[in-house]
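Structure first, commentary second.
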Amino acid sequence: MTNRTVLMTAQDIDRSLQRMALQIMETNRGVDKLALVGIHTGGVFLADRIRQIISHQEQRELEVGYLDITLYRDDWSQISQLPIVKTTDIPFAVQGWTLVLIDDVLYSGRTVRAALDAIMDLGRPRSIQLAVLINRKCGRELPIQANYAGLDVLESHNEHVYVLLKEKAGCDEVILESKDG
């Protein structure tokens, strides 16, 4: 039997993104030389939302880019022999910028490690920070932690977190699914 628990509603997600955007602005003392980089797929949607919040608050546009890490993953050949490669679109030089990598879930740390490798191939930013909607506290394989997190989740290995975003799933919701037995 499968049990499903709603961890975050659309309102919870909006509230978390608002808080994370404010924390990003506060930590960086504004937005000078600050850019957001969303990791495909969920991180792209969240980066766009956080950019809208910050741009509205600061009354100026914020640089945003999108990063595909498929071929940088150390396990891509185990996932699929024919990986689906998306587009990396970072329309600014990363050299000297503070980048905030954005993803939907931080779990093992392998996606973030791959994203760091991909970014370094583009240049040397001043610093890189990490923002995630869900910070899974169980299962970390690499010493990577989020600077900003919408929700910390301590789950067991028989549970899975699903982040549904309206841009792809038609609704905003975070679900924890667990299997008995």
Considering only residues that are without any contact (Cβ under 8 Å) to a residue 40 or more places away in the chain, closer than 18 Å to residue 5 by Cβ and out of contact with any Ser or Thr (no Cβ under 6 Å at 6 or more places or on another chain), which ones fall in the stretch 159-180? 160, 162, 164, 169
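Quick check on this structure: which one of 31, 64, 6 is over 18 Å from the mean Cα position of the chain (by Cα), of a type in the set (A, V, I, L, M, F, W, C), modelled with pLDDT of 95 or more and farther than 18 Å from residue 146 by Cβ?
Details: 31 fails: modelled with pLDDT of 95 or more; 64 fails: over 18 Å from the mean Cα position of the chain (by Cα).
Selected residue: 6, the only one of 31, 64, 6 that is over 18 Å from the mean Cα position of the chain (by Cα), of a type in the set (A, V, I, L, M, F, W, C), modelled with pLDDT of 95 or more and farther than 18 Å from residue 146 by Cβ.
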Only one of 154, 142, 176 that is out of contact with any Phe, Trp or Tyr (no Cβ under 9 Å at 6 or more places or on another chain) and either more than 24 Å from residue 114 (Cβ to Cβ) or not hydrophobic (A, V, I, L, M, F, W, C) (or both): 154
Here are 147, 135, 158: which of them is of a type in the set (S, T, N, Q) and over 20 Å from residue 69 (Cβ atoms)? 158
Can you tell me which residue is surrounded by the fewest Cβ atoms within 10 Å (Cβ to Cβ) among those in the stretch 34-57 that are farther than 15 Å from residue 133 by Cβ and either at pLDDT below 95 or of a type in the set (Gly, Ala, Ser) (or both)? 55
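The values are calculated or read from the model by the stated rules, or taken from the named source; none is laboratory data. Bear in mind that the values here come from a model prediction, so they are computed numbers and not experimental data. A quick note on method: Cβ atoms are made from the backbone with ideal geometry, for glycine too, and the neighbour counts reach across all protein chains shown.
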